[in-house]
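**Q** I am attaching a structure below and will ask some questions about it afterwards.
The values are calculated or read from the model by the stated rules, or taken from the named source; none is laboratory data. Fair warning: this is a prediction, and the values are worked out from it, not measured in the lab. Cβ sites come from the backbone with ideal geometry, for glycine too, and all protein chains shown count toward neighbours. To get the accessible areas, we keep the full protein, side chains included, count just its heavy atoms, and leave off ligands, DNA and RNA. Shrake-Rupley method; radii C 1.70, N 1.55, O 1.52, S 1.80 Å.
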Amino acid sequence: MMFFMPESPVLLIANERYEEAMYALRFYRGENFDLIEDIQDIENYLNCDEGVMTCAMAILGTYFLVLAFHELAAKKAEHLVMVVLYLYMIAYGMGVAPITWCLVAEVPSPGAKNYILAVAFTAFWITAYIVLHVHASLEDKIGEGGVLIIVSGITLIGFILAFLFVVETKQISLYDIQVLLQQGYVAI
């Protein structure tokens, strides 16, 4: 089935096969796609998803804090908790997770991409290991609600960092983006 699909536009552009890259982009995105608008949409999705994730974790943390002190009141909100949890999973799965890896794959120069991906994967697995081992001891000390409030705060920090440091790429070529990043610019 994949035999009939065009190559990745990123791969084609990296190999200076621009006509084929434009064909692939039209194939994947349609005839009337606007690349600048697509990039802006990605930035908006990232900010929106981080906001949804922050609110969801804050609501879940509050729920578990209420559950610890007022079990009857918290039981009435069980269905809301499931909805909030699903919203968090949707926001993460459709926004933050793939956008993060797309940014890592698209923005760096081809020479730096392998190193950046290695650092990103290493950081991801180290963070997962830390969360796995710290969560249980934190839950024993401050409760599930406290842990989720901390996660909400960390997600809020992620939202702020994404808002401040994800480079605005509207109407800027990949080469110009790389030059700006090499000069130390983090926001345009």
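**Q** Hey, can you tell me all the residues within the range 53-106 that are at pLDDT below 85 and hydroxyl-bearing (Ser, Thr, Tyr)?
**A** Tyr92, Thr100
**Q** Answer yes or no as to whether Phe27 is at pLDDT below 80, in a helix (DSSP H, G or I) and among the aromatic types (Phe, Trp, Tyr).
**A** On the way: at pLDDT below 80: yes; in a helix (DSSP H, G or I): yes; among the aromatic types (Phe, Trp, Tyr): yes.
For Phe27, the condition - at pLDDT below 80, in a helix (DSSP H, G or I) and among the aromatic types (Phe, Trp, Tyr) - is met.
**Q** Quickly run through the range 132-157 and pick out the residues that are closer than 19 Å to Asp49 by Cβ and surrounded by fewer than 16 Cβ atoms within 10 Å (Cβ to Cβ).
**A** Start the filter on the range 132-157 by keeping residues that are closer than 19 Å to Asp49 by Cβ, which leaves 148, 151-157.
Those that are closer than 19 Å to Asp49 by Cβ and surrounded by fewer than 16 Cβ atoms within 10 Å (Cβ to Cβ): Gly153, Ile154, Ile157.
**Q** How many residues, within the range 32-52, are of a type in the set (D, E, K, R) and either modelled with pLDDT of 70 or more or open to solvent by less than 50 Å² (accessible area, probe 1.4 Å) (or both)? Show your work before the answer.
**A** Narrowing the range 32-52 to residues of a type in the set (D, E, K, R): 34, 37-38, 41, 43, 49-50.
Checking the rest, the ones that are also either modelled with pLDDT of 70 or more or open to solvent by less than 50 Å² (accessible area, probe 1.4 Å) (or both) come to 38, 43, 49-50.
Counting residues in the range 32-52 that are of a type in the set (D, E, K, R) and either modelled with pLDDT of 70 or more or open to solvent by less than 50 Å² (accessible area, probe 1.4 Å) (or both) gives 4.
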